[in-house]
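Report on one structure; see the data block that follows.
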Amino acid sequence: MAGWAIAVHGGAGVDPNLPPQRQEEAKQLLTHCLNLGISALRSGASAVDVVELVVRQLETDPIFNSGRGSALTAKGTVEMEASIMDGTKRRCGAVSGVSTVKNPVSLARLVMEKSPHSYLAFAGAEEFARQQGVEVVDNEYFITPDNVGMLKLAKEANTIMFDYRIPTEKCAGLESPVKMNGLPISVYAPETVGCVVVDSEGRCAAATSTGGLMNKMSGRIGDSPLIGAGTYACEVCGVSCTGEGEAIIRGTLAREVAAVMEYKDLGLQEAVDFVIKHRLDEGFAGLIAVSNKGEVAYGFNCNGMFRGCATENGFMEVGIWE
Amino acid sequence: MGWAIALHGGAGDIPYSLPPERRQPREEALRHCLQIGIKALNSKFTPLDVVELVVRELENIPHFNAGRGSVLTNKGTVEMEASIMDGKTMKCGAVSGLTTVVNAVSLARLVMENTPHIYLAFDGAEDFARQQGVETVDSSHFITPENIERLNQAKDANRVQIDYTQPIQNDTKNETEPPFANGDSQIGTVGCVAVDSNGNLASATSTGGLVNKMVGRIGDTPVIGAGTYANEFCAVSATGKGEAIIRGTVARDVAALMEFKGLSLKEAANIVVQERTPKGTVGLVAVSAAGEIAMPYNTTGMFRACATEDGYSEVAIWPDTKIE
């Protein structure tokens, strides 16, 4: 039996001018989350428990674009979405349009386990949250001053933003050579979070959570809650994606990794490379993946991806750039 | 090769004992919608236009679970969803949680063409509909007496159902078991797939969802890769139990099997329906770039129709008993 493996991400598409201090903060959070996951795995926790645990941590920390620290809609509010999938029986749960639930990934898990459905959204999801007694807070809790600033900029530029972590004083010039969604990366830094795990029993799971695009239309749903697009797990692997949501949906990216493994007999890294190379046309995205053989892999076709990975044999790596 | 088109009005436990007064209007409706699609293809409409046109028609017909005639949530309201995909460009659009928009599939197309997004839902989708000036009506327009009856029976049986009219006799609370075939009519999601003589493909699907569903429940229909998918290999529209279709990424899998294992459309569609999803949960219609058609289902029946440019056409509900 191969050992466990875990990977986390905090978004694909990173401004090359991201200040070193921000890079450090991000790497520290990724390391912390990896260690949380590793600790749980060593105690024999199941893959689905571990991905939920780790994504909860990423949602709680305001650094990335999920839970607290989520990007804002055009109305200045937060609408969060998340999904989780347990590879063993391909059970899944997803939520969208969540505005008061502290940990959307946990609500997604409850949809999977405590409702007859797979996906609940907006008022229906909020109502379910209350029935289930999950922790709820005011929408303001999720809004950070950084994001309020970014929304203002986005409106001025009258464009959609993925997310943006760089302080306002640095983005006066939008002449960054790196672009995503047709606009400078200094203004568009997607930071959806996710985690994939294969546990010591060889079970795979995946979870993804996000606040979505900065300045998005209220009601816009991206790839993160869509099973097969942003999240997927089956007997052979677990995958979580991040980047340009529309490109990930069109490319059914997460399912694609599993499909080429199942139908073309590719190994995990080959599958990840194939999908990143061939399934994104002009879109920018990244993903992390684990296989039931205890392997871990990641890939991205844009400028950097916040990620970390570790395997039972002691391998551990946290990175941002190529 | 010429064009090909296939459409469905839902897969499920459609009993063979379905009385003529429940069966005939649906057969007639399928025939009518097929004719609309055939005429459009002969007039050289693009497959994208054709699938939208046909699904609009299916939405307007109250006998099917989409648009008018949508099944009701556990609060007695209607929440409609739809998606559309253009296989040539891989562009797609989806909507959920609509309550006043007469044609959900057309709003999905507008999301695809007039926004930088793919998927809009609930209040945001309704706002967008008003901005776009699409036809909206009072929500009561969509509600039919049959569906009020279905909801009452579902509540009595305390179950979420894939559209039943009779009470469930089965005592089991196990949601994953397919319910007994004991309703008079089985109505489901609607959808259409089409390919033109150049191999361009498109797919669209629309639904009211599950009877007695929780408010806010989203099914497979608006999830690209689950209920709807189109690329350069094929176009697929699925129907049945949404949760199973999502988990099985049904529409995408048909195309993936063709692409990665070199299977034909029929082989790929059959594998997905017979081997990769639980019995009693799924049906689909699909066309390939080469003009083939496949309409497999693992339920008792599926309301369906198809035609090819060489003059072949078919309207059917169960296996082996074509109506024409």
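The values are calculated or read from the model by the stated rules, or taken from the named source; none is laboratory data. Just so it is clear, the structure is predicted and the values come from calculations on it, not from any experiment. Positions of Cβ are backbone-derived with ideal geometry, glycine not excepted, and every protein chain shown enters the neighbour counts. Ligands, DNA and RNA are excluded from the accessible area calculation, which covers all protein heavy atoms including side chains. Shrake-Rupley method; radii C 1.70, N 1.55, O 1.52, S 1.80 Å.
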Worksheet item: Of all residues in region A:244-267, which are among the charged types (D, E, K, R), free of Cβ contacts under 8 Å to residues at least 24 places away in the same chain and open to solvent by 10 Å² or more (accessible area, probe 1.4 Å)?
Response: A:264, A:265
Worksheet entry | Matching option when the condition is open to solvent by 20 Å² or more (accessible area, probe 1.4 Å) and either closer than 24 Å to residue A:243 by Cβ or modelled with pLDDT under 95 (or both), among A:167, A:104 | A:167
Worksheet item: Is it the case that region A:206-213 has a residue that's surrounded by fewer than 24 Cβ atoms within 10 Å (Cβ to Cβ) and within 14 Å of another protein chain (Cβ to nearest Cβ)?
Response: no
Worksheet entry | Options B:140, B:96, B:106, B:83; residue that is over 21 Å from the mean Cα position of the chain (by Cα) and polar (S, T, N, Q) | B:140
Item to complete: Being closer than 25 Å to residue B:252 by Cα and either touching a residue at least 40 places away in the same chain (Cβ under 8 Å) or basic (Lys, Arg) (or both) is the filter here, so list the residues in region B:50-66 that pass it.
Response: B:50, B:51, B:52, B:54, B:55, B:56, B:58, B:59, B:64, B:65, B:66
Response to the item:
Within region A:242-275, of all residues that are at pLDDT 95 or above and in a loop (DSSP other than H, G, I, E, B), the one farthest from residue B:256 (Cα to Cα) is A:267
Practice prompt. Scan region B:136-159 and give yes if some residue there is away from chain A (no Cβ under 14 Å), in contact with a strand residue (DSSP E or B) (Cβ under 9 Å, 6 or more places away or on another chain), surrounded by fewer than 16 Cβ atoms within 10 Å (Cβ to Cβ) and closer than 24 Å to residue B:75 by Cα, otherwise no.
Written response: yes
Worksheet item: Quick one: in region A:110-124, which of the residues that are in contact with a helix residue (DSSP H, G or I) (Cβ under 8 Å, 6 or more places away or on another chain) and more than 7 Å from every other protein chain (Cβ to nearest Cβ) is most open to solvent (accessible area, probe 1.4 Å)?
Response: A:114
Practice prompt. Filter region B:252-294 down to residues that are out of contact with any His (no Cβ under 9 Å at 6 or more places or on another chain) and part of a strand (DSSP E or B), then give me how many there are.
Written response: 6
Worksheet item: Does region A:218-227 contain at least one residue that is more than 9 Å from every other protein chain (Cβ to nearest Cβ), modelled with pLDDT under 95, outside any helix (DSSP H, G or I) and crowded, with 24+ Cβ neighbours inside 10 Å?
Response: no
Discussion item. Going through B:273, B:282 one at a time, which residue ends up being touching a Gly at 6+ places or on another chain (Cβ under 8 Å), more than 12 Å from chain A (Cβ to nearest Cβ) and free of Cβ contacts under 8 Å to residues at least 40 places away in the same chain?
Written reply: B:273
Worksheet item: If you go through region B:250-307 one residue at a time, how many are polar (S, T, N, Q) and under 24 Å from residue A:257 (Cβ atoms)?
Response: 1
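Let's see how each residue does on (1) touching a strand residue (DSSP E or B) at 6+ places or on another chain (Cβ under 6 Å); (2) open to solvent by less than 10 Å² (accessible area, probe 1.4 Å); (3) touching a residue at least 24 places away in the same chain (Cβ under 8 Å); (4) away from every other protein chain (no Cβ under 14 Å):
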{"residue": "A:242", "(1), (2), (3), (4)": "yes, yes, yes, yes"}
{"residue": "A:269", "(1), (2), (3), (4)": "yes, no, yes, yes"}
{"residue": "A:280", "(1), (2), (3), (4)": "no, yes, yes, no"}
{"residue": "A:293", "(1), (2), (3), (4)": "no, no, yes, yes"}
{"residue": "A:310", "(1), (2), (3), (4)": "yes, yes, yes, yes"}
Discussion item. Restricting to region A:276-303, count the residues that are within 21 Å of residue A:205 (Cβ to Cβ), in contact with a helix residue (DSSP H, G or I) (Cβ under 9 Å, 6 or more places away or on another chain) and part of a loop (DSSP other than H, G, I, E, B).
Written reply: 2
Worksheet item: Looking at (1) without any contact (Cβ under 8 Å) to a residue 40 or more places away in the chain; (2) farther than 18 Å from residue B:295 by Cα; (3) within 10 Å of chain A (Cβ to nearest Cβ); (4) not in a helix (DSSP H, G or I), which is the only condition residue B:222 fails?
Response: (1)
Discussion item. Scan region B:104-121 and tell me whether some residue there is over 29 Å from residue A:229 (Cα atoms) and surrounded by fewer than 24 Cβ atoms within 10 Å (Cβ to Cβ).
Written reply: no
